[in-house]
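Every read-out reported here was derived from the displayed coordinates using simple, explicitly stated rules and does not represent laboratory data. It should be emphasised that the depicted structure is a prediction, and the values quoted were computed from it without experimental measurement. All Cβ positions, glycine included, derive from the backbone under ideal geometry; neighbour counts span all protein chains shown.
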Amino acid sequence: MSRIGKKPVPLAKGVTASLSGQTIEVKGPKGTRSFTATDDVTIAIEGEEVKVTPRGLSKRARQQWGMTRSMIENLVTGVTTGFKKEMEISGVGYRAAVQGNVLKLSLGFSHEVNFEVPKGVTVTSAKPTEITVEGIDEQQVGQVAANIREWRRPEPYKGKGIRYKGEFIFRKEGKKK
């Protein structure tokens, strides 16, 4: 029995869910999101809750049960509060600035990196050393943050690079004379 799958997903105030076949669509103050579940689970909207139950006891049905419930909960969270990833830039001369739909990064290269921000995601830079990625799709927010981080990952000797806020970088000792 899936401990996660057994719990119903509560719908917050101002959030409506509609079901058509295996596709659930959730509308809220921040937008609309939808998810199509596999045929291994049954989705039911009961009052202000969404319940997911497996069809049968096969291993695949039990796997899809908890995953589908988590995906629906992420839809509800996305349209109510949204998702946010905060990043820090450390290093001499490393900075970021947002101009329209482009994030301009100075990361020690001979050129400036221009990162095109995709639709559905908002990137802001309150300080030159901080980047905030926000959106209603958790997967897209995480992917955009990972793509930004790939330009200059934190290195273990001085810790220079782009890191997630609160991320621990294991530091190595340099050469000894």
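The relative contact order of the chain comes to 18 percent, based on Cα pairs under 8 Å that sit 6 or more residues apart. Think of each Lys and Arg Cβ as +1 and each Asp and Glu Cβ as -1; about the Cα centre, that makes the dipole of region 7-55 roughly 220 debye.
Charge tally for ALA126 (other residues, Cβ to Cβ under 13 Å; Lys, Arg +1; Asp, Glu -1): 0.
Restricting region 76-121 to chymotrypsin sites (Phe, Trp or Tyr not before Pro) that sit in a DSSP loop and have at most 14 other Cβ atoms within 10 Å of their own Cβ leaves PHE109.
Rounded to the nearest 0.05, what FRET efficiency do ILE169 and SER70 give with R0 = 35 Å and r taken as the Cβ-Cβ distance? Could you check? Display every interim value, and only then the final one.
Numbers: r = 29 Å, r/R0 = 0.83.
According to the calculation, E is roughly 0.75.
Comparing SER110, SER70, ILE43 along the charge dipole axis of the chain, the residue lying farthest to the positive side is SER110, per the Cβ-charge model. For the chain, the Cβ-based charge dipole about the Cα centre amounts to some 940 debye (Lys, Arg positive; Asp, Glu negative; other atoms uncharged).
Compared with the dominant principal axis of the Cα atoms in the chain, helix 59-80 is inclined by about 70°. Spin-label pair GLN22-GLU112: with each label point 7 Å from Cα along the Cα-Cβ axis, the two points sit 4.8 nm from one another.
Toward the positive end of the charge dipole of the chain, with +1 on the Cβ of Lys and Arg and -1 on the Cβ of Asp and Glu, the farthest Cα among ILE162, ALA97, GLY21 is that of ILE162. Any chance you could give the angle, 0 to 90 degrees and rounded to 10, that helix 138-150 forms with the longest Cα principal axis of the chain? For 138-150 against the chain, the angle is about 20 degrees.
For region 63-90, backbone nitrogen atoms closer than 15 Å to the point 7 Å from GLU49 Cα along Cα-to-C-beta are found at 69, 73.
Which entries in the list LYS85/LYS177; LYS127/LYS176; LYS104/LYS175; LYS27/LYS85 go over 31 Å, if you measure between the two C-alpha atoms of each? LYS85/LYS177; LYS127/LYS176; LYS104/LYS175, as the Cα separations exceed 31 Å there. Net charge near ASP40, counting Lys/Arg +1 and Asp/Glu -1 over other residues with Cβ under 14 Å of its Cβ? Net local charge, ASP40 excluded: +4.
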